[in-house]
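Shown next, in structure tokens, is the structure this report addresses.
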Amino acid sequence: MPVGRSPKKTETLEIRLPPETKAAFMARCQGAQRTASEALRDFIEQDLRTPRRRSLAWRILAAALAGLAVGAVAAPSLARPSGSDAAFQRLDANHDGVLSLDEFKAR
């Protein structure tokens with residue numbers, strides 16, 4: 001094989017496109033004075049060289065879900081600190097589940 005020549009291309013790739021998309025792509029390639037095969041090979045090579053990064057939207061979604069998970073775990077303990085049931089029961093003299101002003105003042 002002569003020096004400077006790229007290896008022979010032996011594989012094919014079939015792509016299905018709507019006719020108008022294919023026509024627009026072929027016109028763009030012709031305007032750039034390159035073949036559709038060259039354009040697609042360049043795209044594939046560039047895509048393989050570029051490391052995949054998660055988009056900002058996925059990062060925000062992950063952070064939001066993590067925040068919700070922490071909130072779901074922390075919320076019950078924030079709403080009713082531990083030991084508050086016993087203290088409430090002592091103040092709720094008539095055990096109706098509601099603390100009246102008179103019950104509060106009595107303690």
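The values are calculated or read from the model by the stated rules, or taken from the named source; none is laboratory data. If you're wondering where the values come from, they're calculated on a predicted model, not measured in any experiment. Protein only, heavy atoms only, side chains kept; ligands, DNA and RNA dropped before computing areas. Shrake-Rupley method; radii C 1.70, N 1.55, O 1.52, S 1.80 Å.
Figures for the structure shown
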| quantity | calculated |
| --- | --- |
| P(r) tail fraction, segment 19-75 - alpha-carbon pairs more than 16 Å apart, % | 66 |
| Most to least accessible of GLU45, GLU103, GLU11 (protein chains only, probe 1.4 Å) | GLU11, GLU45, GLU103 |
| Rounded accessible area of ILE15 (nearest 10 Å², 1.4 Å probe) | 90 |
